[in-house]
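As structure tokens, the structure follows; a few thoughts come after it.
The values are calculated or read from the model by the stated rules, or taken from the named source; none is laboratory data. If you're wondering where the values come from, they're calculated on a predicted model, not measured in any experiment. We place every Cβ from the backbone using ideal geometry, glycine too, and count neighbours over all the protein chains shown.
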Ligand SMILES: [Zn+2]
């Protein structure tokens, strides 16, 4: 089962998405034309009175690497996608730029006074790698709102709220700071210690908060001194120190000591970003929120597999859902390319230069095109991303490899470069 097809009428008013079979009928009868391929959208050749379309809900599950997206018509999931972010890629390239500039400053230059504390960040600032997640989600929600009558957004807001704890490991937040903070610390620990007893790996039993360095010996309530254990291990450990308790199991001792030092990086990122995503979405449409626990409960209750788009569909307070699609659109953030005008070899010497002009014969590098070659050595049909050259001889990256030297005259545009790669 495939995603439903978006339809807009002649006046570009969004209509309710239709099943693929109906879309095929509309196309063969000539009543509609293809507006864009990704996401697949039709435009009707006539005006439809659609003053009261059935309102749809878009649901999101923002994650650190993937964001699940699902569009629901009441309890039917009619369209789904998985958006793959490129936060790590952005971080890596900023770091590489930083190290290049750093080394340049220190190479054969006069002394310069250190300048370090001379920049201010606006409130709510997020690093570029995280901001990108917010922005791409915003882009996609706005885009989908153009093609379907979405009236509400639902998103998974929190697993646990580090905002309430600030930076738990760095600031030394303590466990007993009011009920809510305590609850958040508990969720944080559950996530950090993977919902297992730290001493015997038992799962699915009630876990207690355990002081690694015992309270009676002056151990603090700080998050960095806490772990989780089952009741048996907790009693057994009692007031012993961890070195004493795990004398016979040095490998586990080593492991726990290592894990204590690692703050929960991934989840902290997600939470900082999620709040920003929520604020952004709220400014677009009415937004409701759910929690991670609720999502998981819904998913297991309905007996569904774990995947990002199904998680998204399970967000919030739901009775039941029906999957009318099994094939989410996979969207991968690729970025718009580079601004670098001069390529270097691996030693940093300039070797090649790029032209400022990007558009050649109506095509840009990165467009998806179809080439039907009717003459010459390369007769055939090729579909893929194009690499454009000034001379008009293009390369096409197809699924079976790269074809070089195709003339622009054979090319038909399919989808313009928009910073995303698509697949199913
Ligand atoms: Zn245990």
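Of all residues in the stretch 349-368, none satisfies the criterion of being more than 25 Å from residue 421 (Cβ to Cβ) and in contact (Cβ under 8 Å) with a residue 60 or more places away in the chain.
Might you let me know whether the stretch 74-87 holds any residue that is modelled with pLDDT of 95 or more, assigned to a loop (DSSP other than H, G, I, E, B) and within 22 Å of residue 149 (Cβ to Cβ)? No, every residue in the stretch 74-87 fails to be modelled with pLDDT of 95 or more, assigned to a loop (DSSP other than H, G, I, E, B) and within 22 Å of residue 149 (Cβ to Cβ). Checked against the criterion of being in contact with a strand residue (DSSP E or B) (Cβ under 8 Å, 6 or more places away or on another chain) and assigned to a loop (DSSP other than H, G, I, E, B), the candidates 357, 378 yield just one match: 378. Could you tell me whether any residue of the stretch 402-409 is closer than 21 Å to residue 334 by Cα and surrounded by 11 or more Cβ atoms within 10 Å (Cβ to Cβ)? Within the stretch 402-409, one or more residues are closer than 21 Å to residue 334 by Cα and surrounded by 11 or more Cβ atoms within 10 Å (Cβ to Cβ). Would you check if residue 316 is outside any loop (DSSP other than H, G, I, E, B), away from the ligand (no atom under 16 Å from the Cβ) and surrounded by 12 or more Cβ atoms within 10 Å (Cβ to Cβ)? Criteria not met by residue 316. Restricted to the stretch 210-250, and to residues there that are surrounded by fewer than 17 Cβ atoms within 10 Å (Cβ to Cβ) and within 16 Å of the ligand (Cβ to nearest atom), the residue that is nearest to the chain's Cα centre (by Cα) is 231.
Where helices (runs of 4 or more DSSP H) fall wholly inside the stretch 231-311, the ranges with 3 or more residues that are modelled with pLDDT under 85 are 250-261, 265-282, 292-301.
Exactly one residue out of 105, 22 is at pLDDT 90 or above and in a helix (DSSP H, G or I), and it is 22. Check the stretch 187-206 and report whether any residue there is within 16 Å of the ligand (Cβ to nearest atom) and either assigned to a helix (DSSP H, G or I) or over 35 Å from the mean Cα position of the chain (by Cα) (or both). Among the residues of the stretch 187-206, at least one is within 16 Å of the ligand (Cβ to nearest atom) and either assigned to a helix (DSSP H, G or I) or over 35 Å from the mean Cα position of the chain (by Cα) (or both), which makes the answer yes.
With respect to (1) at pLDDT below 90; (2) in a strand (DSSP E or B), the lone exception for residue 59 is condition (1). Exactly one residue among 259, 294, 322 is surrounded by 12 or more Cβ atoms within 10 Å (Cβ to Cβ) and either assigned by TED's automatic domain parsing to the domain that holds residue 17 or within 16 Å of the ligand (Cβ to nearest atom) (or both), and that residue is 259.
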